[in-house]
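Novice: Would you mind keeping the following structure in view while I ask a few things?
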Amino acid sequence: MKLPSKKSIFNSPVKVAIVVFVVVFIVALLILSLSDCQSQTTAEGPPGTSVDAAPHTEESSAGESAAGESPAGESSQTPQDLQAEPDSESDQDLETDQVPDEAAPEPVEVESITIVLSAVAYAKGAEITPDVIILPEDAADKTFTLISSDESIISRSLGRWTAVGEGEARLIAEAPNGVTGYVTVSVYIALEDIVLRSDELTIHRGESASIYFELLPENVTDKTVSFSSDNVNIAEVSEYGVVSGIEPGTAVISVFAGEIERRAAVTVIENVTAIEVSTDRRSYLAGDEGQLLISITPQGATRADLTVAVSGTEITLGGDDTFKAVSHGEVTVTVTAANGVEGVHTFFVVDLEILAEEVFQLTNLEREAGGLHPFEASEPLSITALVRAGEIIEEFSHSRPGGRDFFTAFTENDVEFTVAGENLAAGHRTPEEVLRGWMDSPGHRANIVNPSFYYLGVGVAIDEDGRLYWTQAFTG
């Protein structure tokens, strides 16, 4: 007998899948349920604490108490009960651990740092005293560090900050929490003095000249300079220190730099149009002292810019246009103004013996030119001529002082003669001049070319004004 065959639910794949889906669904429901239970058992205590849920106990009708009370000998408290009524010292300790005291205030931090200085620029060598202000005022830690960004400009030594070099640097302050503040400081080389090349200047009207000066030290930082005139009607000055002469007179030009002022006196003079030069005497003996006489035109012009040059024989120039004659010869003095105008004067330093000898030689040249025998020198006759030269300074005449005849001078000096003659002259400066004057005069020329005369004496004298007096004494 055949038994009926058994059918299994696993014989079909579709049925297997359905079973698996159902199992998975049930597992998922169980997991969700467990999560909900866990959330409900978390204690509702103070924030930051957790308390386990009280264990579930069976209720007892005998010992049941209201409002969650437990039978005698047992304690059942909610988390709220644990907070409100601790039963023991340990519970109090537990509560203390679980509820912290009121939090201490946070320390006040530095928010800003400001550096205050008495100036933003300091001269090299000056002391710098920074004042550091920290805010807020109730900051817990007000300590700070202060440094220089460039020790070659600002440095600290022996507790003091000092400006040590030209340039710019920062003083930087920093608090412990990293807050910083700074100030920029300029260090400069201070001006010590203004040195003028000259405190006097002379210019002509219509001309210009510069005020020359030097700032000390040479590396001073601020080289700004300004100028002013106390009388612009006499002299003006430009921003570059160029002075222009407006009218004759004197003005003061001021040079300013920093707090220093220096002054120069500027004299404006007229332009020279003419110069006349002379001396206080016509001629001088070697060793005599003399005076140059210089006059200029126009009247308002001055001699401040005149130069004096000497050529010819030697003289020694002194102050105030004085001089000393040194040796025999012709002297030429040239006086020149700055604008080129010149004045020239010629005078002589004389040796009287040399002059007499030159006249003697020139006279014999004239004799030889006329085919005549030359004169011979005679010492007694030369002495006689010199005596007469001195006499005609007092009275220019062929008569001697007192009215005596000139022949008496011959006899007084033991001059022997059979015929005699005399030539006189005054004011001529050179032997050439005097001889030319005599030769141009018929009466004087007749003595020079007289064939009856064989001997000649020449005398030269000079008066206090330097005027020369000349004599020729002839005998035959």
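The values are calculated or read from the model by the stated rules, or taken from the named source; none is laboratory data. This one's a predicted model, so the numbers in the text were calculated from it and none came from an experiment. Don't worry about glycine lacking a Cβ; one is built from the backbone with ideal geometry, like all the others, and counts go over all protein chains shown. Note: accessible area is taken over every heavy atom of the protein model, side chains too, but ligands, DNA and RNA are not part of it. Shrake-Rupley method; radii C 1.70, N 1.55, O 1.52, S 1.80 Å.
Novice: Tell me which GluC sites (Glu not before Pro) from the range 96-201 have a DSSP coil assignment and no more than 10 other beta carbons within 10 Å of their own.
Specialist: E102, E137
Novice: Then there is this: Quick check on the range 260-306: take the gyration tensor over C-alpha atoms, sort the square-rooted eigenvalues as a ≥ b ≥ c, and tell me if it's rounded (a/c under 1.5), prolate or oblate. Mind dumping the intermediate values first?
Specialist: Numbers: a/c = 6.04, a/b = 1.96, b/c = 3.08.
Oblate.
Novice: Next question. Please give the Cα centre distance for the range 326-361 versus the range 174-212, rounded to the nearest Å.
Specialist: After rounding, the separation between the Cα centres reads 57 Å.
Novice: Same structure, new question: Ignoring ligands, DNA and RNA, what percent of the accessible area of the range 159-276 is carbon or sulfur (1.4 Å)?
Specialist: 44
Novice: Please list the non-local residues whose amide H lies under 5 Å from the amide H of A123, H modeled 1.01 Å from N, same-chain partners needing a gap of 5 or more.
Specialist: Y188
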